[in-house]
Amino acid sequence: MPTLALPPSPGTPPRCAPGVRTIPTVDEGARARGRGRRTEPSADDVARLRAATGLLSTAALRHLDEALPWYGAMSAQDRSWVGLVAQAGIGAFTTWYSDPHSSLAITADVFGSAPRELTRAVTLAQTLELLRAAVDVVEDHVDVVAAPGREQHLREAVLRYSREVAFAAARLYAGAAEARGAWDARLEALVVDAVVRGDVDDAVRSRLSALGWGRPSVVTVVVGSSPAGSPEDVVARLRRAARATADDALVGLQGERLVLLLGLSARRRRTADDAPPPADAGGDAPAGPPTPHGVAAVDLRAATTTLAPLFGPGPVVVGPGVPDLASAGVSTRAALSGLASARAWPGAPRPVLADELWPERVLSGDVRARRAVLDAVYRPLVAARGSLAQTVSTYLEHGRSLEATARLMFVHPNTVRYRLRKAVDVTGWDATHPRDALVLQVALVVGALADGPLERADDRR
C-alpha cells in the first residue's frame, strides 16, 4: 500500500520517492469562487422562465390553500400579504436566474413588500412551510418550464435560491425578535418604575397585559443591590430565574438598586367566614408576621431564597404580600424602607422580610411601619383576653424570667407560659425568642406613645 506525503511548500518543485503519492493542495480562494459560481443560463432558459412566472405564482397560491390549513384561516389582508411575498419571491428568482453575475439580495427583494407586522401573524415555522410549498410547486413544474435537457440545471438553481430565502427569513425573524425584546425591556422598566412610584393606573395595567402578566394571588416586591456585570445580563439572569419559580416576574434596574416584582399563586388563607378546620388538623402557629386578611398564604422567604444570590452584596428585602398590583406600592414602600434600615441588623437573614425589620424601620422614622406595628401587634395584644399585654410587658421588663413574671403577677409560672403561647397565636411573635422579643418591645413602646401606658403589674401591690 503506498504511503502519503505532504505536498512541498509553495515554490518548491515536487520531489516524490517511488510509490509515494502526494495530496494535492486546495486554493481556498478558488474553492470560495467555486461555491459562488453557477452555470450561465441560456437565453431560452430565461425566456421560458419569464413566460412561466404567472403560471408558477398561480400554482403556488393554489398549493398554499390545499397544503396549509392555517393559510386558509388567515384574514384576507394577511393572505394578500403572503400572496405578494410569494409572487415577489418568484419574480426575484427570475431576475436572479437571468443574471448569473448578480448577488443575492433576498431580504429586500422578497420580504420588502410585506409589513413588519406580518412576522406576528406568520411564525418562522410557517414561513418555512410556505417556502417548502413554493419549492415543491416549482419542482413540480420544472418539466414544463425548463427546456429539454435543462431540468437539472433549473432544479439546482431553485434549491440554491430557496436556501438563501430560508436564511433571509431566519435573519428577518431574528431581527424582529430582537426589536420586540428591546421594546419589551423598555416597557418592563416603565412598569417597574411606575410600581415603585405607586402610580399604577390603567395605562400601567395595559402595559402589564402586553408583557403577559397574569392574575396571581399574591404580589410582592423584592429589592437589593445590583451585582457586577452588564445591566442587560443582570436583568435577564434574574428574570429567567424568577420566572422559573414564580407565576409572573418583572425586573427593573434603577441605578445601583435592583427591583423584582413577583406574582405568586397559593392556597387562600382562611378567613372568619370560612368553614372551621378539621379537629385533627393540629400544627403549631407560624412564627413571624401574620398574613394580612384576604391575602393568600405564601411563604415569601421560601419563594425568594433561591433568587437572593442573583442580587448584589448587602441585604435583600422582601416586601409584604399584597392581593393585587394596585396595592403593590405598599409592598414597594415597605421593601425600600427595610433596605434602608437593614444595616442596623447585621445578622439579618438573606432574604429578610420587610415586616421582620419593623423595629429598625420604626426607629428610622417610618410612619407606615409604626402604624403596622400598632395594628398588627400592639392592639391585638391589648384586645386579647387574659392580660396578655401585661404578661408580655412584665416578662420583657424583667429579663424574660418566668419566675419573676409569675411572682409579680401573682400567678403560677405555667400560667405565664400559657399566656406567652397565646400571645404568639395573637401576634405571630414569640417573646421567648430574642429577635421576636425586640419586635414586641418596640410594639409596646409605640403603643404606649399612641394609646397611653399599660397598667403595670407593680401597681397592683
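The values are calculated or read from the model by the stated rules, or taken from the named source; none is laboratory data. All values reported here derive from a predicted model rather than from experimental measurement. When we count neighbours, we look across all protein chains shown, and the Cβ atoms used for this are built from the backbone with ideal geometry, even at glycine.
Taken over segment 135-166, the criterion of being modelled with pLDDT of 80 or more and polar (S, T, N, Q) is satisfied by 152 alone. For segment 212-241, a residue qualifies if it is surrounded by 13 or more Cβ atoms within 10 Å (Cβ to Cβ), closer than 12 Å to residue 188 by Cβ and either in contact (Cβ under 8 Å) with a residue 12 or more places away in the chain or in contact with a Phe, Trp or Tyr (Cβ under 8 Å, 6 or more places away or on another chain) (or both), and the qualifying residues are 213, 235, 238, 239.
Scan 290, 276, 286 and give me the residue that is crowded, with 16+ Cβ neighbours inside 10 Å and modelled with pLDDT under 90. Exactly one residue qualifies, and that residue is 290. Looking only at segment 427-437, residues that are part of a helix (DSSP H, G or I) and either crowded, with 19+ Cβ neighbours inside 10 Å or under 38 Å from the mean Cα position of the chain (by Cα) (or both) come to 3 in all. Taking the criterion of being more than 23 Å from residue 215 (Cα to Cα) and crowded, with 22+ Cβ neighbours inside 10 Å, the residues of segment 304-330 that qualify are 311, 315, 316, 317.
Do the conditions hold for residue 244, that is, is it surrounded by 13 or more Cβ atoms within 10 Å (Cβ to Cβ), on the phi < 0 side of the Ramachandran plot and assigned to a helix (DSSP H, G or I)? Answer is no for this residue. Among the criteria (1) surrounded by 13 or more Cβ atoms within 10 Å (Cβ to Cβ); (2) under 37 Å from the mean Cα position of the chain (by Cα); (3) in contact (Cβ under 8 Å) with a residue 40 or more places away in the chain, the one residue 56 does not fulfil is (2). For residue 229, the test of being assigned by TED's automatic domain parsing to the domain that holds residue 253, more than 17 Å from the chain's Cα centre (by Cα) and at pLDDT 75 or above is passed. Within segment 355-410, restricting attention to residues that are assigned to a helix (DSSP H, G or I), outside the structural domain of residue 317 (by TED's automatic domain parsing) and of a type in the set (Phe, Trp, Tyr), the residue that is surrounded by the most Cβ atoms within 10 Å (Cβ to Cβ) is 395.
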